[in-house]
């Protein structure tokens, strides 16, 4: 064997030893400790923000009888509040609703309140200014935040009330975000009181 081959072999062996000693294998899920990038947790984010979101939406809510419901549509929402009477509840798996009649409202709109546990839309997220799209890495996180806010509301507002068919005919005060168009108004609640 000539001298150059021996030197090449020694260099390769030294390089392999160096690489073997300098590479660190890290456990799955701990990458953030080394890269600084931490996985997004929508539940933690919405939980931290819930009190501010609730205060903002309830603070901006206008009486349902004077709300500009004509502004709804094309993704626009109106925060509303008011006394309503529940008269028809519908359960469809995890997507439960109750149709309500707002006191003092004389228009033709039909108001449906979402009672979960599955909620359509992103009304709560879109009606708050605590966080904006730019606060998130991508659309997936922004969407997850909307779902997490809906879940936060469900656990803190709906679940403790244990709402069932017995709500029909009762007086209810509600604050929420109205969406929809024409005569179909959907309300995602942020506060409910049942008398």
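Some notes on this structure:
- Residue, surrounded by the most Cβ atoms within 10 Å (Cβ to Cβ), within the range 80-105, restricted to residues that are part of a loop (DSSP other than H, G, I, E, B) and at pLDDT below 90: 94
- Any pair with Cβ under 6 angstrom, 6 or more apart, that starts in the range 28-56 at a residue that is at pLDDT 75 or above and ends at one that is not in a helix (DSSP H, G or I): 49/130; 52/130; 53/128; 53/130; 54/190; 56/128
- Selection status of residue 59, under 30 Å from residue 180 (Cβ atoms) and surrounded by 13 or more Cβ atoms within 10 Å (Cβ to Cβ): no
- Scanning the range 145-183 for residues that are in a strand (DSSP E or B) and at pLDDT 90 or above, we see that the one that is farthest from residue 72 (Cα to Cα) is 173.
- Any hit, the range 58-67, residues being assigned to a strand (DSSP E or B), in contact (Cβ under 8 Å) with a residue 12 or more places away in the chain and under 19 Å from the mean Cα position of the chain (by Cα): no
The values are calculated or read from the model by the stated rules, or taken from the named source; none is laboratory data. These numbers come from a predicted model, not from an experiment. Glycine gets a Cβ as well: all are built from the backbone with ideal geometry, and neighbour counts include every protein chain shown.
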